[in-house]
Amino acid sequence: MRRIDSIKTISEWIAQARRIIVFTGAGVSTESGIPDFRSPGGLWDRYDPEEFRFRRFLESVETRRKYWKMHTELYGLLTRVRPNPAHEACVDLDRLDKLECVITQNVDNLHQEAGNVNVIEMHGNLFRQRCLACDARKPFGREEYLGRVKTAMAEMTTFDLPSIIEMLPKC
């Protein structure tokens, strides 16, 4: 199918649909500057995903160091990203009263920053935290959250589980 034909077909499907559910993953945020994990040049080219399995993370200081190094790179990128036309297209569908919800694997909050309200996040959201003591939930702005992570990581002298748990948000 040629590109023009597929755009026309999808437009017709949207026009005929009563409600639409949009599924997104890393590809929708790459245009905003966030690399995906699996494509050439993605994070898994530089890091082995097998090293980040939960048990290995808990058992290995070196794995935790690599994990936090990877996330430090990712957090640096997150300070500069903004929603792109794909995120905005989902908002347009909502304004047309066509959108039921967005279901995303992304944790970058870009759908919400674009203006979507009904977003189901399969892997959570980096910018919303839950207190481990009382279960209170608190949203953080992008800059505030990334500043907290940078400060906490700079202050960490060990990468053992109790130190990491101590860094997590509490009231």
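The values are calculated or read from the model by the stated rules, or taken from the named source; none is laboratory data. Source: prediction; values computed, not measured. Note that we place each Cβ from the backbone using ideal geometry, even for glycine, and neighbour counts take in every protein chain shown. Heavy atoms of the whole protein, side chains included, go into the accessibility calculation; ligands, DNA and RNA do not. Shrake-Rupley method; radii C 1.70, N 1.55, O 1.52, S 1.80 Å.
Structural remarks
- Here's how it looks for Q129: its modeled amide H is under 5 Å from those of K138, F140, which are all 5 or more places away or on a different chain.
- Cα convex hull of region 20-158, projected area averaged across orientations, nm²: 9.6 nm²
- Other-chain or far-sequence residues with amide H under 5 Å of I103's (modelled H): V22, F23, T24, I120
- Annotation: lysines with alpha-carbon distance below 19 angstrom to K150 (same-chain offsets under eight excluded): K66, K69, K138, K170.
- Against the empirical 2.2 N^0.38 Å (N residues), region 25-65 has a Cα radius of gyration ratio of 1.38.
- Relative packing of peptides 41-48, 104-111 - highest average C-beta neighbours within 10 Å first: 104-111, 41-48
- Look at the alpha carbon pairs under 8 Å that are at least 6 residues apart: their mean separation over the length of region 7-120 gives a relative contact order of 35 percent.
- Averaged over its residues, region 1-76 has an accessible area of 72 Å² per residue, based on protein heavy atoms and a 1.4 Å probe.
- Here the accessible area is traced with a 1.4 Å probe on the protein chains. For region 1-82, carbon and sulfur cover 55 percent of it.
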